[in-house]
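Please find one structure pasted underneath; my questions will follow.
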Amino acid sequence: MKIIIHGGFFSESSQSDETKREKQIALQSIIKKGFEFLQTHTALETVVYTTSLLEDCPLFNAGIGSQIQADGKIRMSAAIMNGSNCKFSGVINIEKVKNPVLVAEKLLSEEDRVLSGQGAKQYAKSQGFESYSTETEGRRKEYNMKLKSSKTGTVGCVVLDKTGALAVATSTGGKGFEIPGRVSDSATIAGNYANKDCAISCTGVGEDIINGALACKIVTRVTDGQSIESAFDKTFTELNEIDGFAGAIGLDSKGNMYWKESHPKIVFAAYDGEGVTLFE
């Protein structure tokens, strides 16, 4: 059993050492809770639970603490994918919910499994999700000052459970100040993809991740026989050719964990039950 999570990117130029330490502490706490949950739950259940914890932490750009768009509203996206049956579900540009990943989980049992905008919001309401403002004072201050320092915030979780099943979840508040209606990579197979062989969650500039078809390329290459390291390296070489900005975390069915970034530095934590590996 293994688990790896990410909280987007950390910018040395725009974020303090104190913020860096806070994120390290938060990731370490969340990944240990996720691993404990994994002991008695499936990979799919664990990625949903762990990603909801990341959404609940205002340090990260997902759920509470999501970025504010150009019109002053918060719209969030999230997706999950079950590697065992390759089922994908997600919400795009949903408003006024605390945990978009939980709405995505509900959609997994529906015939129509990816909803956007008002349709996603109405579905959440019909399923008993209460209206909830995820705005924080810090995000509103950024918006009012028209700062654009953080376009690379997302959270994600990849899990391998005791049965060998893989699952992935990714959630984002967007890049901030974007045109309303923009679709991020997080609720697409470019940013969130899994099958029985490999599972990948991405972060970075959504347009670059979509252009590079990042997550599904890595998974496909592992399925075709490449090692996870080789699949990452080949895919990021191609991403660099288009000057893409992205990072990704992943696990294969053998328990090999890997992460890579095109630019420093992705905020991540990995745990196998013995020791936690944290970004530095």
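Under unit Cβ charges (Lys, Arg +1; Asp, Glu -1), what dipole magnitude, rounded to 20 debye, does region 74-207 have relative to its Cα centre?
380
Between 252, 71, 208, where does the largest GNM mean-square fluctuation fall for the chain, given springs only between Cα atoms within less than 10 Å?
For the chain, modelled as a Gaussian network with Cα springs under 10 Å, the answer is 71.
Among rounded, prolate and oblate, which fits the chain when a ≥ b ≥ c are the square roots of the eigenvalues of its C-alpha gyration tensor, a/c under 1.5 means rounded, and a/b larger than b/c means prolate?
Rounded, since a/c falls under 1.5.
Here is a further query. Using a/c under 1.5 as the rounded threshold, could you call region 21-145 rounded, prolate or oblate? The axes a ≥ b ≥ c are square roots of the C-alpha gyration tensor eigenvalues, and prolate needs a/b larger than b/c, oblate otherwise.
Cα axes put region 21-145 in the oblate bin.
Please report, in debye to the nearest 20, how large the charge dipole of the chain is about its Cα centre when each Lys and Arg carries +1 at its beta carbon and each Asp and Glu carries -1 there.
The calculated dipole for the chain is roughly 520 debye.
Only four residue types carry charge here, +1 at the Cβ of Lys and Arg and -1 at the Cβ of Asp and Glu. Report the dipole size of region 147-280 about the Cα centre in Debye, rounded to the nearest 20.
300
As a check on your grasp of the helix formula, calculate [θ] at 222 nm for the chain: sum -39500 (n - 2.57) over DSSP H runs of n ≥ 4, divide by the residue count, round to the nearest 500.
It comes out at -10000 deg cm²/dmol, rounded to the nearest 500.
Still on this structure: Tell me, what ³J(HN,Hα) does each residue in region 260-270 have, in order and in whole Hz, if you take phi through Karplus 6.51 cos²θ - 1.76 cosθ + 1.60 with θ = phi - 60° and put x for Gly and Pro?
Each residue of region 260-270 in turn: 7, 9, 7, 9, x, 9, 6, 8, 8, 8, 10 Hz.
Here's something else I'd like to know. When ranked by the protection proxy of mean other Cβ atoms within 10 Å per residue, highest first, what sequence do the peptides 265-272, 233-240, 16-23 form?
The most tightly packed comes first, giving 265-272, 233-240, 16-23.
Which of 228, 57, 15 sits farthest toward the positive end of the charge dipole of the chain, with +1 on the Cβ of Lys and Arg and -1 on the Cβ of Asp and Glu?
With unit charges placed on the Cβ atoms, the residue in question is 57.
Taking 8 Å as the Cα distance limit and 6 or more residues as the minimum spacing, I'd like the relative contact order of the chain as a percentage.
RCO, the chain: 25 percent.
Something else about it: Most fluctuating residue of 170, 223, 50 in a GNM of the chain with Cα springs under 10 Å: which is it?
Top of the fluctuation ranking is 223.
Right, something else. Tell me which of 278, 257, 30 sits at the most positive position along the dipole axis of the chain, charges placed on C-beta atoms (Lys, Arg +1; Asp, Glu -1).
It is 30, whose Cα lies furthest towards the positive end.
Taking just the C-alpha trace of region 151-280, give me its Rg and Dmax in Å.
13.9, 44
What is the Cα centroid distance between region 207-223 and region 108-134, reported in whole angstrom?
Taking the Cα centre of each part, region 207-223 and region 108-134 sit 27 Å apart.
May I pose another question? Taking +1 at the Cβ of each Lys and Arg and -1 at the Cβ of each Asp and Glu, which of 247, 120, 214 sits farthest along the dipole of the chain towards its positive end, judged by Cα position relative to the Cα centre?
The one lying farthest along the dipole's positive direction is 120.
Fewest first, what order do 59, 166 take by the number of other Cβ atoms within 10 Å?
59, 166
Laboratory data are not the source of any read-out in this text; all were calculated from the coordinates shown. Owing to the predicted nature of the structure, the values given are computational and were not obtained by experimental measurement. Cβ coordinates were reconstructed from backbone atoms using ideal geometry, including for glycine residues, and neighbour counts include every protein chain displayed.
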